[in-house]
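> Structure provided below as structure tokens; questions to follow.
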Amino acid sequence: MAPSSKAEKKAALDAAAWMFNVVTSVGIIIVNKALMATYGFSFATTLTGLHFATTTLMTTVLRMLGYVQASHLPLPDLLKFVLFANFSIVGMNVSLMWNSVGFYQIAKLTMIPVSCLLEVVLDKIHYSRDTKLSIGVVLLGVGVCTVTDVSVNTKGFVAAFIAVWSTSLQQYYVHLLQRKYSLSSFNLLGHTAPVQAASLLLLGPFLDYWLTDKRVDRYDYNTTALMFIIMSCTIAVGTNLSQFICIGRFTAVSFQVLGHMKTILVLIMGFFFFGKEGLNLHVVFGMIIAVAGMVWYGNASSKPGGKERRSHSLPTNRTETR
């Protein structure tokens, strides 16, 4: 295959991966919003456990059918990943409860510089001046769009700090483990989803009761609510898979930067579904800045020297079949 054809095929696959992630991520936000706001299912951690249980079922069926090959992930790496991932989920839920919406959004934005720091320190990645500036433009634009009231308290700051670092580490490890052990997205999900499902389904009801003062076993599971729960779990399989595909193909930083396009789309869809409230001139201005920054980042990071590894190679272990 000619180099240009390979490049075109890679670009097409990259675009398809991003579109898959955007569609599933925006879809699950809309479904979960309806489930929680309209039908009162406020058990976010337990719902996430159900998401991973559904993902586990999917990877198990695919393995039984022969579509996913057997692979190996050492137990210490698996436990480390699950620890970061679960702290990320719990930290985000607690941060949202203890902080103002404005500070919660600011905390989410800091995941990009934290992810950059992890790549610089652990992977010896060097960013060009244009790449750094483009990331700053994205942060500015999304901040203008989403940050409103900002108030900080000690316990909220601690929760946000844990959420930001655990999420950044979890996304870094998605990329690291796929490269280090030559794992596909399905392979990695097959290893991590069962452990996350079991731990979150055990922890979730207690955490949700602490956060909401409501018990998940006493919820009124009517037909409509069950339909939305099943829909949420089904879309979550695609969301989990697409996240691993995107971070595996790119990096945690690129996933975070371009992933803010989902924030823009959610704001736009909220305008069409719920009217003009919340979409004013400064929000539109922020969207334009953010999108311009994303385009600049894509162009700057793809240029020679835009984002490169400095004489540092990662040892690769081939997957083991059994």
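The values are calculated or read from the model by the stated rules, or taken from the named source; none is laboratory data. Treat the numbers as computed from the prediction; the structure is a model and nothing was measured. With ideal geometry, Cβ positions are generated from the backbone for all residues, glycine too; neighbour counts draw on all protein chains shown. With ligands, DNA and RNA removed, areas are computed over all heavy atoms of the protein, side chains included. Shrake-Rupley method; radii C 1.70, N 1.55, O 1.52, S 1.80 Å.
> Go through the range 134-161 and give me each residue that's among the β-branched types (Val, Ile, Thr) and closer than 30 Å to Trp296 by Cα. Lay out the reasoning, then the answer.
Residues of the range 134-161 that are among the β-branched types (Val, Ile, Thr), as a first pass: 135, 137-138, 142, 144, 146-148, 150, 152, 154, 158.
Across the range 134-161, the qualifying residues are Ile135, Val137, Val138, Val142, Val144, Thr146, Val147, Thr148, Val150.
> I would also like to ask the following. Could you grab me the full set of residues in the range 37-60 that are in contact with a helix residue (DSSP H, G or I) (Cβ under 9 Å, 6 or more places away or on another chain) and more than 21 Å from Asn86 (Cα to Cα)? Let's see the steps before the verdict.
Of the range 37-60, the ones in contact with a helix residue (DSSP H, G or I) (Cβ under 9 Å, 6 or more places away or on another chain) are 38-60.
Of everything in the range 37-60, those that are in contact with a helix residue (DSSP H, G or I) (Cβ under 9 Å, 6 or more places away or on another chain) and more than 21 Å from Asn86 (Cα to Cα) turn out to be Thr38, Tyr39, Gly40, Thr60.
> Could you say whether any residue in the range 117-140 is at positive phi, open to solvent by 30 Å² or more (accessible area, probe 1.4 Å) and either more than 20 Å from the chain's Cα centre (by Cα) or of a type in the set (D, E, K, R) (or both)? Spell out how you get there, then give the answer.
Our first condition is that a residue be at positive phi; within the range 117-140, this holds for 124.
Then keep just the ones that are open to solvent by 30 Å² or more (accessible area, probe 1.4 Å); that gives 124.
With the extra rule that they be either more than 20 Å from the chain's Cα centre (by Cα) or of a type in the set (D, E, K, R) (or both), the set shrinks to 124.
Among the residues of the range 117-140, at least one is at positive phi, open to solvent by 30 Å² or more (accessible area, probe 1.4 Å) and either more than 20 Å from the chain's Cα centre (by Cα) or of a type in the set (D, E, K, R) (or both), which makes the answer yes.
> Consider only pairs whose beta carbons are under 8 Å apart and that are at least six residues apart or on different chains; among these, list those whose first residue lies in the range 271-291 and is more than 25 Å from Gly136 (Cβ to Cβ) and whose second residue is at pLDDT below 65.
Listed pairs, sorted by first residue: Phe271/Gly278; Phe271/Leu279.
Per-residue answers, yes or no, for (1) surrounded by fewer than 17 Cβ atoms within 10 Å (Cβ to Cβ); (2) part of a loop (DSSP other than H, G, I, E, B); (3) of a type in the set (S, T, N, Q):
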site	(1), (2), (3)
Lys9	yes, no, no
Leu13	yes, no, no
Trp18	no, no, no
Asn21	no, no, yes
Gly27	no, no, no
Lys33	yes, no, no
Phe41	no, yes, no
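> Need the failing condition index for Val237 against (1) closer than 29 Å to Val22 by Cα; (2) more than 18 Å from the chain's Cα centre (by Cα); (3) touching a residue at least 12 places away in the same chain (Cβ under 8 Å), just the number.
It is condition (2) that Val237 fails.
> Which ones in the range 32-51 are at pLDDT 90 or above and hydrophobic (A, V, I, L, M, F, W, C)?
Listed by number, the residues that qualify are Leu35, Phe41, Phe43, Ala44, Leu47, Leu50.
> Another question about this same structure. Across the range 203-247, what is the number of residues that are surrounded by fewer than 20 Cβ atoms within 10 Å (Cβ to Cβ) and within 30 Å of Val295 (Cα to Cα)?
1
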